[in-house]
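In what follows, a single structure is set out as structure tokens and then discussed.
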Amino acid sequence: MKAIHLTALALLAALLLAAGPALAAEAAAEPAWRVYWNWGWKILNFLVLAFLIVKMAKKPLKDFFTSQKAQVAAELEEMNKVKAAAEAELKAIEERTAGLAAELEEFENIMAMSAERERKRLLEEAASESEMVVERAKLQAEMNLAEAKRDLAKEIVGLAAELAEEKLKEAVQTADQTRLLDEFTANAHAAKS
């Protein structure tokens, strides 16, 4: 139907445009009223053309502008929703970051206290271990000293025995040895009986 209206409109426009030069050729010696008459027809043709354009294009133009208005309104509404969502997200992020600063400070305080407790524990543990090492070293030194004293006593006894043996060898003659042996034997027999 639109095609028929558009074809009729195009045909009417061509007819009006073609009539203009034909009328102008006859107007060589036109009377004054004829000029007004021609202008009247031109105005009438324009009004008819405008009426036909309005009649045929009114509904499509109205539909076009209505759909454009609805589309713009929908886009505005969508943009407002996106803007509101973005503002809500920004507010949530700001709240989280504000909370994060306090949380971070609290975490740093907790870590500092924990580090201080750990430092004290390690110092106490090191002091305890150093005391144990000192005690072990003292005990080991005492044991080494006692062992050295025993070794020294053994060595002194051994040296004294050697010295006594040498002195006895020098002091005791063969006759003394025989006499001592006889006395020992007699004592041994007497002890047996």
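The values are calculated or read from the model by the stated rules, or taken from the named source; none is laboratory data. Since the structure is predicted, the reported quantities are computational estimates derived from the model, not experimental observations. Cβ: placed from backbone, ideal geometry, glycine included. Neighbour counts: every protein chain shown.
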TODO: With respect to residue 97, determine if the residue is polar (S, T, N, Q) and at pLDDT below 90.
DONE: yes
Open item on the list: Condition check: within 21 Å of residue 7 (Cβ to Cβ), free of Cβ contacts under 8 Å to residues at least 24 places away in the same chain and not hydrophobic (A, V, I, L, M, F, W, C). Does residue 59 satisfy that?
Closed with: yes
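Within the stretch 92-108, can one find any residue that is in a helix (DSSP H, G or I), under 26 Å from residue 7 (Cα atoms) and of a type in the set (Phe, Trp, Tyr)?
Filtering the stretch 92-108 down to residues in a helix (DSSP H, G or I) leaves 92-108.
So of that shortlist, the ones also under 26 Å from residue 7 (Cα atoms) come out as none.
So far as the stretch 92-108 goes, no, none of its residues is in a helix (DSSP H, G or I), under 26 Å from residue 7 (Cα atoms) and of a type in the set (Phe, Trp, Tyr).
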Task: Residue match in the stretch 161-178 (condition: among the β-branched types (Val, Ile, Thr), modelled with pLDDT of 85 or more and surrounded by 10 or more Cβ atoms within 10 Å (Cβ to Cβ)) - done: no
